[in-house]
Amino acid sequence: MSNTVSHYATPASPDLIDSRYALRRLLIALLAMLMGSSSMFVVAVVLPSVQAEFGVSRADVSLPYTLLMIGFGVGGIYMGKLVDRLGVTAALWLGSVGILIGFVWAGLSTSIYSFAIAHGLFLGLFGISATFAPLVADTSLWWNKRRGIAVAVCASGNYLAGAVWPGFANWGISAAGWRETYIVMGIVCSASLAVLAFFLRQRPPVAEQEASGSSNTATLNPPTPFPRTRPFGLSTRQAQTLLIIAGIACCVAMSMPQVHIVAYCVDLGYGPARGAEMLALMLGFGVVSRLVSGVICDKIGGVRTLILGSALQGIALLLFLPFDGLVSLYIISAIFGLFQGGIVPSYAIIVREHFPIAETGRRVGAVIMATMLGMALGGWMSGKIFDLTGSYQAALYNGTLWNALNLVIAGWLLWRLKRRPSTGLPAHVGPA
């Protein structure tokens, strides 16, 4: 037993990078992401039922999702550090416990506040946070040649969850009720995640390479003129802060359709089932978007992929303003998913391309935290704007402005990359 433990505590051979083992591991990570991300999208489906049962406002019923995203984001930092120290399996096992407690607690809640705490504390802080950032960071360390598409496949599990679980939840609510649906999902997702985590115990090889002083073995794609200790020619803290602001901004914009599409359809008289279908369509096309963006990312790099995705998301967001017919909403939901799915994974690629490799887990966790805080802020903000104005038009304009901020930051970082380093050192030389 001790030999087995020590084997999995030792970093893998660098020969396993881009190998068949890395591919098998990627497929397992995809399934783990599918199970661990379920609560992120189901909460939007139960929103009308929960609002009716507890008799609260649209802003109040948005609170569970807001706390879920805050917990998801804050937990991502600590889960990233846990992955850097102990590996991804420890984080996933912790996440399986959080998911079980969170779903069951929420299913037994008697008030909106108890329901919200279950989402924020267990489903967010100890649940989703233990899956998304840890799995994305871990996957990035097993691939060099096809890193972009590998990270995209892993992250697609998140949107695949959005395509699968809303339909199941809608069926479960109709057949048995939202409480029973939550409890069943907690048991299924928790047990599945715990089993899948067992097969991801091997530590990645890249961290060992950097620790031994050979961090340049992983080729950047595209190359950067700055050393990893000076990403974009900035300090790591400055560069991280800019990525955090960009992450918040893009996801404030992203959250409005994802969080409120079901409620929007109810307001328009189309019913929650149509809204759940649009959400599933949006996230299903998001899977396609993430895969295509991964291929693009391997060609042009993370920063350019972020700019492309952000620009297209802004266009899709504006399309919701003039059209509210049933058919047009289906089409726009598909377009929105197709345009914005590659944004969040591009941050992980940017971190992997430009920051110290040994800090991948914690820095990816920090940026994912920012995107989730953006989703939380945007979800609550859209509900509040609806309560104040009686429609989602102003919320859409609000999201468009936040999207523009993201584009400005990403564009400035790309401009920094095109500048020559001012240190006087050769481009590949960094501090010892």
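Odds and ends about this structure:
- Test: residue in segment 304-320 that is under 24 Å from Asp60 (Cβ atoms), in a helix (DSSP H, G or I) and modelled with pLDDT of 85 or more: no
- Condition met for Ile343 (under 21 Å from Ala280 (Cβ atoms) and crowded, with 24+ Cβ neighbours inside 10 Å): yes
- Residue within segment 179-191 that is of a type in the set (S, T, N, Q), part of a helix (DSSP H, G or I), open to solvent by 10 Å² or more (accessible area, probe 1.4 Å) and touching a Ser or Thr at 6+ places or on another chain (Cβ under 9 Å) present: yes
- Checking each residue in segment 260-286 for being open to solvent by 10 Å² or more (accessible area, probe 1.4 Å), part of a helix (DSSP H, G or I) and of a type outside the set (A, V, I, L, M, F, W, C) picks out Tyr264, Asp267, Pro272, Arg274, Glu277, Gly284.
- Meets criteria (open to solvent by less than 40 Å² (accessible area, probe 1.4 Å) and either under 20 Å from Gln51 (Cβ atoms) or within 21 Å of the chain's Cα centre (by Cα) (or both)) for Ala404: no
- Filter pass, Asn158 being open to solvent by 30 Å² or more (accessible area, probe 1.4 Å) and at pLDDT below 90: no
- Scope segment 308-362; condition under 15 Å from Met278 (Cα atoms) and touching a Pro at 6+ places or on another chain (Cβ under 6 Å); matching residues: Phe336
- Residue check for Val136: under 13 Å from the mean Cα position of the chain (by Cα) and open to solvent by 10 Å² or more (accessible area, probe 1.4 Å): no
- Pairs are defined by a Cβ separation below 6 Å, a sequence spacing of at least 6 or placement on different chains, a first member in segment 319-338 that is open to solvent by 60 Å² or more (accessible area, probe 1.4 Å), and a second member that is assigned to a helix (DSSP H, G or I) and polar (S, T, N, Q); the pairs so defined are Leu338/Ser289.
- Pairs with Cβ under 7 Å, 6+ apart, first in segment 193-204 and in a loop (DSSP other than H, G, I, E, B), second of a type in the set (Phe, Trp, Tyr): Arg201/Tyr8; Gln202/Tyr8; Pro204/Trp142
- Annotation: Cys297 fulfils all but one of (1) over 15 Å from the mean Cα position of the chain (by Cα); (2) touching a residue at least 40 places away in the same chain (Cβ under 8 Å); (3) open to solvent by 10 Å² or more (accessible area, probe 1.4 Å); the unmet one is (3).
- Taking segment 1-112 and the helices (runs of 4 or more DSSP H) fully enclosed by it, the elements with 2 or more residues that are within 17 Å of the chain's Cα centre (by Cα) and under 20 Å from Met372 (Cβ atoms) are at 20-36, 38-54, 63-86, 88-107.
- Residue list for segment 355-391, restricted to those being open to solvent by 10 Å² or more (accessible area, probe 1.4 Å) and either modelled with pLDDT of 90 or more or of a type outside the set (A, V, I, L, M, F, W, C) (or both): Pro356, Glu359, Arg362, Arg363, Lys384, Asp387, Thr389, Gly390, Ser391
- Members of segment 124-154 that are under 30 Å from Ser109 (Cβ atoms) and hydrophobic (A, V, I, L, M, F, W, C): Leu125, Phe126, Ile128, Ala130, Phe132, Ala133, Leu135
- Unique match (being open to solvent by less than 10 Å² (accessible area, probe 1.4 Å) and more than 24 Å from Gln258 (Cβ to Cβ)) among Gly80, Gly95, Gly87: Gly87
- Within segment 250-259, not a single residue is more than 30 Å from Gly390 (Cα to Cα), at pLDDT 80 or above and within 25 Å of the chain's Cα centre (by Cα).
The values are calculated or read from the model by the stated rules, or taken from the named source; none is laboratory data. Model, not experiment: these values are computed from the prediction. Positions of Cβ are generated from backbone atoms using ideal geometry, with glycine treated the same way; all protein chains shown enter the neighbour counts. Quick note on the areas: whole protein, heavy atoms, side chains included, nothing else; ligands and nucleic acids left out. Shrake-Rupley method; radii C 1.70, N 1.55, O 1.52, S 1.80 Å.
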